[in-house]
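K.L.:
Take this structure first; my questions come after.
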Ligand code: XMP
């Protein structure tokens, strides 16, 4: 994509051709699905409805932020409260690919129900090129099944419409900037949400811990970026590890959990470098996580691994 204006003209014309009647558009609050939704708004107006699923796996403040953005848009917007359904689907599951499959299926079933309510079979999503490249095809190994690709069962009645499927992240950001979407450079957040940042069992308690730790990493890193202590990382987050570890608070032994903090630099997420982070920033993050999750998280690690050999997310 060289020229965002030309891309918008082409993409809206194609959307009108692909969606003869009505459509729903799946929004996650990220740049990709927000850009797809704004294209849908331009192409279809009130023939489309945006659906945002509250999976219970979202970051702190996310529902409110997304609701506020769409309140001012011309699209009809609905939040579907589905935390119980996602936690039930993930009950007892620890394998990362199985988590992604279950989440993908839960999303599809919800979107099928929403599409039926709206009298359509068209589902617009913000899939971009790395999502389907890393999800594997006949020529590639599956690295990870991105929930918005691999989770769609063959028997689904939904017809997928993917206006961004040939774009890479830097192109989507240029498009988002052109469309006037706020913070087009904000960090990506995976579709399966905090479920892939909770290694091992996904329970409401463990997701809450991951949510608190992620909010602390985001706040401290954003402050360091604003102070110019570090450049803006590509991604910065915390992962709750499936390890129990001993700590001490006051005179008491605590047998708690451990969190890994990851800051990476990247251009397109296909490769990434673990960032060199000043010690005071790491110390501030570790102190806040162990204080605000006192008795629950007793140890904070920093992940120094590049991609490859690791991936950006842990699962
Ligand atoms: P990995 O962890 O494979 O991730 O190096 C590459 C980029 O993709 C994000 N990611 C996802 N995005 N659905 C998404 O929309 C997913 O299932 C998913 N899994 C990973 C990840 O945060 C990184 O930016």
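Coordinate-derived values only; no laboratory data. What you see is a predicted model; the values in this text were computed from it and never measured. Don't worry about glycine lacking a Cβ; one is built from the backbone with ideal geometry, like all the others, and counts go over all protein chains shown.
K.L.:
Hull surface divided by four, with the convex hull built on the Cα atoms of the chain: how many nm²? Walk me through the intermediate numbers first.
P.N.:
Values: hull surface 66.7 nm².
That works out to 16.7 nm², a quarter of the Cα hull's surface.
K.L.:
For the Cα atoms of the chain, what angle does the longest principal axis make with the long axis of helix 204-226, in degrees from 0 to 90, nearest 10?
P.N.:
Roughly 90 degrees, rounded to the nearest 10.
K.L.:
Which of 120, 12 has the fewest other C-beta atoms within 10 Å, and how do the rest follow up to the most? Could the numbers behind the result be given before it?
P.N.:
Details: 120 20, 12 17.
Starting with the residue having the fewest Cβ neighbours, the order is 12, 120.
K.L.:
With axes computed from alpha carbons, what is the tilt in degrees of helix 4-18 against the longest principal axis of the chain, rounded to the nearest 10 within 0 to 90?
P.N.:
Approximately 60 degrees, to the nearest ten.
K.L.:
Listing 290, 142 from the residue with the fewest other Cβ atoms within 10 Å to the one with the most, what is the order?
P.N.:
142, 290
K.L.:
Where the centroid of each part is defined by its Cα atoms, how far is the stretch 245-275 from the stretch 169-193 in Å?
P.N.:
Answer, in whole Å: 26.
K.L.:
Points 7 angstrom from Cα along the Cβ direction at residue 2 and residue 305: gap in nanometres?
P.N.:
Between residue 2 and residue 305, the label points sit 4.1 nm apart.
K.L.:
Further, regarding this structure: Looking at the stretch 4-179, what % of its DSSP beta bridges pair antiparallel, to the nearest 5?
P.N.:
Counting only bridges with both partners in the stretch 4-179, antiparallel ones make up about 5 percent.
K.L.:
A further question on this structure: Label-point separation (nm) for residue 185 and residue 84, each offset 7 Å from Cα along Cα-to-Cβ?
P.N.:
Placing both labels 7 Å along Cα→Cβ, they lie 4.4 nm apart.
K.L.:
Cα gyration tensor of the stretch 82-182, axes a ≥ b ≥ c as square roots of the eigenvalues: rounded (a/c below 1.5), prolate (a/b > b/c) or oblate?
P.N.:
oblate
K.L.:
While we're here: Using only the alpha-carbon atoms of the stretch 259-315 as identical scatterers, what base-10 log of I(q)/I(0) does the Debye formula give at q = 0.17, 0.19, 0.24 Å⁻¹?
P.N.:
-0.60, -0.71, -0.93
K.L.:
May I pose another question? Rounding to the nearest 10 and keeping the result within 0 to 90°, find how far the Cα-based axis of helix 169-179 lies from the longest principal axis of the chain.
P.N.:
60
K.L.:
Separate question: Put one equal scatterer on each alpha carbon of the stretch 4-179, apply the Debye formula with no solvent term, and list log10 I(q)/I(0) at q = 0.09, 0.13, 0.17, 0.19 1/Å to two decimals.
P.N.:
These q points yield log10 I(q)/I(0) values of -0.30, -0.64, -1.14, -1.42.
K.L.:
What order do you get for 236, 255, 302 when you list them from fewest to most C-beta neighbours inside 10 Å?
P.N.:
255, 302, 236
K.L.:
Relative contact order, percent, of the chain when contacts are C-alpha pairs under 8 Å separated by at least 6 residues?
P.N.:
Dividing the mean separation by the residue count of the chain yields 16 percent.
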